[in-house]
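The values are calculated or read from the model by the stated rules, or taken from the named source; none is laboratory data. Predicted, not measured: the structure shown is a model, and the values here were computed from it. Note that each Cβ is placed from the backbone with ideal geometry, even for glycine, and that neighbours are counted across all protein chains shown.
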Amino acid sequence: MGHTPLAWAARGGHGAVVEMLLERDDVDPDKPGEAGQTPLFLAACNGHEEIVKLFLKRDDINPDKLDNGGQTPLWWAAFYGHERVVKLLLGRNDVNSDRPDRFGFTPLSAAAREGHEEIVKLFLMRDDINPDKPDEDGRTPLGWAAADGMKGVVKLLLGRDDVNPNRPGEFGRTPLWWAALGGYGGVVEILLGQNNVNPDSPDAWGRTPLAMAAETGRKRVVKLLLRRDVNPYTPDMDGQTPLYYASLNGHEEVVRLLLEREEVSPNEPSSYRQTALEGAARNGHQGVVALLQPPTPTAHRTT
């Protein structure tokens, strides 16, 4: 890893050893290892608050130095949920609180994705961060929190007027789309409560939040979306509907919910000329096949 003795001591939280080494003139306190991480990085990553303080007292370290991935000590402290270390670093004038890594991922996005609510609050209290900043894939802190089911963080971000709850990222995927895919009913419910969220917004391939929930068998999410003004029969670019996806993957309860809607046709073929019934039969989903089969004609006896 290319770590110096000082870096190893900082990583392990050995304060006395760190102090001893920092007294030497032949020890570089800001020397990076192979990944570009200095002893301060390693202390911050592992939440060693007192050791971070030792480094921040010095004039010969850069508290906002980038490692090889473009991340700072603050970025890593936020990612790992070390609230006290984050507070220390945010207290510095020479630390950029909104500095993205080389993928455009900010410290706030890192904290939001991992569900560190108290750290998210620290960032949202500041005037020098953009709470709706997208990364290089167009995903915002809200998009990440929604995709990973971080309900508390979603609530915090939606409390801001400068956060767009319907902002699409790469391929047109909104926070609701990601939450539906993951089956996070609580997050879906919160997002559906926002006036400016389109519950039927498709991605670049025409797949709606309902289609993703149906494909992955997220019954609760399907129920929530069907209560809203969504089209349960919207086909994607391949002509595949939510019913087709649910049938292909054997999600019986979801198929039942969709069949309750009059506008859903089980006999419409996709672009691959395959109906929902044929998709279910192909994959051996007996229960779904039974639901989709037309009623057996009653035989009439002649006398």
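Can you tell me which residues in the range 85-142 are farther than 21 Å from F41 by Cα and of a type in the set (K, R)?
If the condition is that a residue be farther than 21 Å from F41 by Cα and of a type in the set (K, R), then K121, R126, K133, R139 are the ones that fit.
Need the failing condition index for G91 against (1) in contact (Cβ under 8 Å) with a residue 24 or more places away in the chain; (2) out of contact with any Pro (no Cβ under 8 Å at 6 or more places or on another chain), just the number.
(1)
Within the range 87-115, take every residue that is under 21 Å from the mean Cα position of the chain (by Cα), assigned to a helix (DSSP H, G or I) and not small (G, A, S) and give me the one that is nearest to W76 (Cα to Cα).
In this case the residue turns out to be P107.
Can you list residue pairs whose Cβ atoms sit under 6 Å apart, with the first residue in the range 149-171 being in a loop (DSSP other than H, G, I, E, B) and the second being among the polar types (S, T, N, Q)? Count only pairs 6 or more apart in sequence or on different chains.
These pairs meet every condition: P165/Q194; N166/T174; N166/N196; N166/N198; R167/T140; P168/T174.
If I filter the range 253-282 down to residues being in contact with a helix residue (DSSP H, G or I) (Cβ under 6 Å, 6 or more places away or on another chain) and among the β-branched types (V, I, T), which single residue comes out as modelled with the lowest pLDDT?
Per the criteria, the residue is V264.
Mind counting the residues in the range 101-130 that are crowded, with 23+ Cβ neighbours inside 10 Å and in contact with a Ser or Thr (Cβ under 9 Å, 6 or more places away or on another chain)?
So the count comes out to 6.
G36 passes all but one of (1) out of contact with any helix residue (DSSP H, G or I) (no Cβ under 7 Å at 6 or more places or on another chain); (2) closer than 23 Å to P141 by Cα; which number fails?
(2)
Here is a list of conditions, (1) polar (S, T, N, Q); (2) touching a Gly at 6+ places or on another chain (Cβ under 8 Å); (3) more than 30 Å from R160 (Cα to Cα), and S201 meets all of them except one; can you say which number that is?
Looking at each condition in turn, S201 falls short on (3).
Condition first: surrounded by fewer than 24 Cβ atoms within 10 Å (Cβ to Cβ), farther than 17 Å from N195 by Cβ and small (G, A, S). Now tell me which residues in the range 137-174 satisfy that.
Selection gives G138, A147, G149, G152, G169, G172.
Restricting attention to the range 173-184, does a residue exist that is of a type outside the set (A, V, I, L, M, F, W, C) and closer than 20 Å to V255 by Cβ?
yes
One line per residue, one yes/no per condition, for (1) under 27 Å from G104 (Cα atoms); (2) of a type in the set (A, V, I, L, M, F, W, C):
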site: L21; (1), (2): no, yes
site: D25; (1), (2): no, no
site: P32; (1), (2): yes, no
site: L40; (1), (2): yes, yes
site: A43; (1), (2): yes, yes
site: L54; (1), (2): no, yes
site: D59; (1), (2): no, no
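Could you please find all residues in the range 74-86 being in a loop (DSSP other than H, G, I, E, B) and crowded, with 20+ Cβ neighbours inside 10 Å?
H82
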